[in-house]
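Have a look at the structure below, then the notes.
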Amino acid sequence: MADVLFTNVRIFDGSGDLPYGGEVLVQGNRIARVQRSAGPGARTPPIGGVQLIDGAGAFLMPGMVEAHTHFSWNDQPSLDAILRMPPEEHILWCAQVAKRYLDMGWTSCVGASTAKPRLDVVIRNAIDDGTIVGPRYLAASQEITVPGGLGDTTRPHLPQSEFAFGAVVSGVEEMRRCVRTFVKWGVDSLKINLSGESITGMPSEMSQFTEDEIACCVQEAKAWGKRVAAHARSTWSIKQCVKQGIEVIYHASFTDSEALDLLEAHKTEHFIAPGLAWLINTCHNASHWGLTPEVTRRMGYHRELEAAVESMKALRRRGVRILPGGDYGFAWTPHGTNAKDLEYFVRYVGMSPMEALLSATAWGAPMMKLHRQIGKVHEGYLADLLLVDGDPLADITVLQDKARILAVMKDGEFHRAPPLRAPRSTRWAA
Ligand SMILES: [Zn+2]
């Protein structure tokens with residue numbers, strides 16, 4: 001791959017500082033140099049063999065990290081529609097969706113559960129070995145659940161595991177076997193459903209699993225060096241995440257003061273991804289699929305949205321990391337619209353655009369287990385970079401527009417190169 005020098009760019013480096021004019025040199029798959037502009041009229045001496053990209057003042061920022069990704073959700077209106085997709089079509093779907101994330105500037109995604117046992121693992125491996133195009137990816141298990149719980153979609157006459165959206169277990173030994181089996185398939189993380197989800201008929205405030213079963217899941221996962229992530233909407237389930245050491249907490253809608261205190265006391269050990277897009281759009285933008293505001297109000301989603309917003313405001317005040325991503329891949333939250341989460345963080349949670357941008361970049365690095373490797377435009381970091389037409393700090397919604405994301409670089413290679421119109425790009429002779 002050619003080395004690349006971005007000149008004449010405004011650099012948002014992920015440190016929390018305001019953007020500054022300058023240039024960035026990428027050599028191989030790393031950022032080799034980040035230099036502030038020497039002032040107006042200063043010109044960079046040509047470097048042999050380097051592709052020069054004149055950014056014409058565009059906004060250069062780290063690639064974004066999606067903290068709660070389901071490649072296998074197929075933009076349909078129900079779990080059943082996801083479940084019924086045959087495996088052959090399903091893996092092709094996942095490959096196509098993986099590319100869509102990269103197209104939209106998400107250079108890293110954290111798998112949050114998959115609809116069939118090995119979809120996530122196969123996609124991660126295919127991205128890693130270059131068979132398909134996609135973001136850096138951590139592969140998840142199916143959602144582990146209990147008989148009758150969230151994700152058990154079997155019928156009395158169709159009890160086979162193929163008819164279950166999740167992996168259904170009961171008791172400590174079944175949990176242990178389940179975790180070990182997913183580890184055998186090669187997952188990076190285990191997903192456990194600790195609470196309900198109102199649309200499925202099991203209210204979000206209800207909890208499932210015994211403490212023994214949860215403890216077994218966490219111990220077994222950690223024994224194999226794996227992470228646990230939980231679907232945790234209820235207050236009890238959120239507390240269980242802290243007490244049992246479940247690193248990734250999805251949703252965290254219903255908190256009380258004890259839950260907030262626990263999360264604050266352990267804030268360096270946990271990541272919260274609330275998935276506000278799901279709540280907001282289920283409440284307000286799903287009428288076309290029969291989920292009118294009246295219906296979703298009866299389900300309890302409007303009350304949950306209010307509770308989740310209050311919980312996130314409180315957690316933000318307490319310095320707990322809140323990350324973007326969550327349950328994109330339903331008909332009313334299609335894949336690729338994920339940057340709406342940043343707008344929601346500003347509009348609903350009260351983050352500044354700077355905080356929202358940091359949550360999508362610097363804060364995502366440890367979530368990807370790539371601390372000091374991604375999330376910043378710093379020397380020595382992996383070259384995951386976006387060139388944006390506009391200023392996300394002035395208007396966070398520009399990141400929702402593919403046309404405004406001029407270039408996407410992952411691991412030092414352009415997934416999408418900037419438009420080749422002079423003088424934006426010139427190749428210097430060696
Ligand atoms: Zn999810």
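Please treat every number below as a calculation from the coordinates, not as lab data. Being a predicted model, the structure only gives us computed values, none of them experimental. Because the Cβ atoms are built from the backbone with ideal geometry, glycine has one as well, and the counts that use them run over all protein chains shown.
Which is the longest part of the chain that has none of the GluC sites (Glu not before Pro) sitting in a DSSP loop with at most 16 other Cβ atoms within 10 Å?
1-268
Please state the relative contact order of the chain as a whole percent: Cα pairs under 8 Å, 6+ residues apart?
Relative CO of the chain lands at 21 percent.
Considering the chain as a Gaussian network with a 10 Å cut-off on Cα pairs, which listed residue, 175, 85, 368, attains the greatest mean-square fluctuation?
Most flexible of the set in this elastic network: 85.
Under 1.5 on a/c is rounded, so check that first for segment 355-414, then, if it is not, pick prolate when a/b is larger than b/c and oblate when it is not; a ≥ b ≥ c are the square roots of the alpha carbon gyration tensor eigenvalues.
Oblate, since a/c reaches 1.5 and b/c is not below a/b.
Near the amide H of residue 137, under 5 Å away, which other amide H atoms are found, from residues 5 or more places off or on another chain, if H is placed in the peptide plane?
Answer set, sorted by chain and number: 109.
Who wins for biggest fluctuation among 208, 400, 35 in a Gaussian network model of the chain, springs between alpha carbons below 10 Å?
35
Add +1 for every Lys or Arg and -1 for every Asp or Glu among the other residues with Cβ under 12 Å from the Cβ of residue 189, and state the total.
Once positives and negatives cancel, what remains is +2.
Can you figure out the FRET efficiency of residue 303 with residue 32, using R₀ = 51 Å and their beta-carbon distance, to the nearest 0.05?
Between residue 303 and residue 32 the formula returns 0.50.
Please report, largest first and rounded to whole Å, the three semi-axes of the ellipsoid equivalent to the chain, where each semi-axis is the square root of five times an eigenvalue of the C-alpha gyration tensor.
For the chain, the semi-axes come out at 38, 22, 20 Å.
On a full-extension model of 0.36 nm per residue, what is the gain between residue 103 and residue 219, subtracting their alpha-carbon distance, rounded to one decimal in nm?
The residue 103-residue 219 span can extend by a further 38.0 nm.
Once you place label points 7 Å from the Cα toward the Cβ at residue 17 and residue 347, how far apart are they in nm?
3.3
Starting from the Cα of residue 379, step 7 Å along the direction of its Cβ; do the same at residue 2; then give the gap between the two resulting points in nm.
Each label point lies 7 Å from its Cα, and together they span 2.5 nm.
Would you please give the FRET efficiency between residue 210 and residue 84, computed as 1/(1 + (r/R0)^6) with r the Cβ-Cβ distance and R0 = 35 Å, to the nearest 0.05?
0.65
Given points 7 Å out from each Cα along the Cα-Cβ axis, report the residue 292 to residue 401 separation in nanometres with one decimal.
Rounded to a tenth, the inter-label distance reads 3.5 nm.
Can you classify segment 159-313 as rounded, prolate or oblate using the Cα gyration tensor, where a ≥ b ≥ c are the square roots of its eigenvalues, rounded means a/c under 1.5, and otherwise it's prolate if a/b beats b/c and oblate if not?
oblate
What whole-number distance in Å separates the alpha-carbon centres of segment 361-405 and segment 241-294?
24
Suppose we flag chymotrypsin sites (Phe, Trp or Tyr not before Pro) only when DSSP calls them loop and at most 16 other Cβ atoms lie within 10 Å. Which is the longest uninterrupted stretch of the chain?
Excluding the exposed sites themselves, the longest stretch runs over 1-223.
Helix check for the chain. Which DSSP H runs span at least 15 Å along their own axis by Cα, with a mean Kyte-Doolittle hydropathy no less than -1.0?
Correct list, ordered by number: 87-103, 172-185, 211-223, 301-317.
Can you tell me the relative contact order of segment 319-371? Whole percent, Cα pairs under 8 Å, sequence separation 6 or more.
About 35 percent, as a whole number.
Can you compute the FRET efficiency between residue 180 and residue 96 using 1/(1 + (r/R0)^6), with r the Cβ-Cβ distance and R0 = 25 Å? Round to the nearest 0.05.
0.20
If you build a Gaussian network model of the chain, linking Cα atoms that sit under 10 Å apart, which residue out of 317, 372, 155 swings the most?
Top of the fluctuation ranking is 155.
Identify all lysines with a Cα-Cα distance to residue 402 below 21 Å; exclude those on the same chain that are fewer than 8 residues away in sequence.
Leaving aside lysines fewer than 8 places away in the same chain, those within reach of residue 402 are 99, 340, 410.
Below 14 angstrom from the Cβ of residue 130, what's the summed charge of the other residues (Lys, Arg +1; Asp, Glu -1)?
Spelling it out: positives minus negatives among the neighbours equals 0.
Using only the Cα atoms of segment 1-109, build the gyration tensor, take square roots of its eigenvalues as a ≥ b ≥ c, and label the shape rounded, prolate or oblate: rounded if a/c is under 1.5, else prolate if a/b is larger than b/c, else oblate.
Prolate, because a/c is 1.5 or more and a/b exceeds b/c.
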